[in-house]
Amino acid sequence: FRSKRLQHLAARYLLSLLKDDFDYENIEISESGKPLYHNKAFHFSLSHCGYYAACIISTNRNVGIDIELKENKVEKILYKFLFDCEIEQMQNIISNKEFKELPTILWSAKETLFKYYGKGNVDFKTMLKIDLNNFTENHFNTRIITSNTIEQKVYYKMFEDLCLTFCLEE
């Protein structure tokens, strides 16, 4: 079941469970590689890892979703995808409470923002900014920094060793 093909199919199958009239034939792939529904009748995002798949769908708002298994290897590459101030904020949160999942949550959040943005050519470290000053039990504020900065809330939930993050256009 861990094959990428089965993960991919499981995520697409979830779309039909959320939306009865979702027709796979209407899925197109943009130049950046983002899957889109023909004529943007639906906005959706997919994710899969290990034995898990996730999707989010909306009839009128852009969306993004990601799932990640908690793995210690994320901690070794923080400097590749987090601003220095994000690392500092993360370390402050971890030192104030037992929250070892935070590096995985931040990686997943940046993946979610990448999918939400959907235009490719994104530097996770310099274009996707997480503000942990407003970090709560289920969400935090973010910014996608381009010529038109987009402010976005990312929601998260931990399920044992699985992290789910998602966002939707407000």
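The values are calculated or read from the model by the stated rules, or taken from the named source; none is laboratory data. Not measured: the values here are computed from a predicted model. Cβ coordinates were reconstructed from backbone atoms using ideal geometry, including for glycine residues, and neighbour counts include every protein chain displayed. Only protein heavy atoms, including side chains, enter the accessible area calculation; ligands, DNA and RNA are left aside. Shrake-Rupley method; radii C 1.70, N 1.55, O 1.52, S 1.80 Å.
Calculate the length of the line joining the C-alpha centroid of the stretch 28-64 to that of the stretch 91-117, in whole Å.
Taking the Cα centre of each part, the stretch 28-64 and the stretch 91-117 sit 22 Å apart.
How long is the stretch 72-170 along each principal axis, judged by its Cα atoms, biggest number first, in Å?
Principal axes ranked by extent give 37, 25, 23 Å for the Cα atoms.
At 1.4 Å probe size, with no ligands or nucleic acids counted, give the accessible surface of Cys49 in Å², nearest ten.
Spelled out: Cys49, probe radius 1.4 Å, area about 20 Å².
Helix 84-96 versus the longest principal axis of the chain: what angle, 0 to 90°, nearest 10, using Cα atoms?
For helix 84-96, the angle is close to 70 degrees.
With a ≥ b ≥ c the root eigenvalues of the C-alpha gyration tensor of the stretch 35-95, is it rounded (a/c under 1.5), prolate (a/b larger than b/c) or oblate?
Prolate shape, in that a/c is at least 1.5 and a/b is the bigger ratio.
At 1.4 Å probe size, with every protein chain present, just tell me what the per residue accessible area of the chain comes to in Å².
57
If r is the Cβ-Cβ distance from Ile27 to Asn96 and R0 is 41 Å, what FRET efficiency results, to the nearest 0.05?
Once rounded, the FRET efficiency stands at 0.40.
Label Glu169 and Asp131 with points 7 Å out from Cα along Cα→Cβ: what is the distance between them in nm?
2.1
Can you give me the % of accessible surface on the chain that is carbon or sulfur? Probe 1.4 Å, all protein chains present, nothing else counted.
Carbon and sulfur atoms account for 48 percent of the accessible area of the chain.
Give, rounded to the nearest 20 debye, the magnitude of the charge dipole that the chain has about its Cα centre when Lys and Arg contribute +1 at Cβ and Asp and Glu contribute -1 at Cβ.
It works out to roughly 320 debye.
Taking the Cα-to-Cβ direction at Leu69 and at Glu151 and moving 7 Å from each Cα, how far apart do the two end points lie in nm?
Spacing of the two 7 Å Cα→Cβ label points: 3.8 nm.
How far apart, in nanometres, would the label points at Tyr79 and Ser16 be if each is projected 7 angstrom from Cα along the Cα-to-Cβ direction?
About 4.8 nm separates the two model spin labels.
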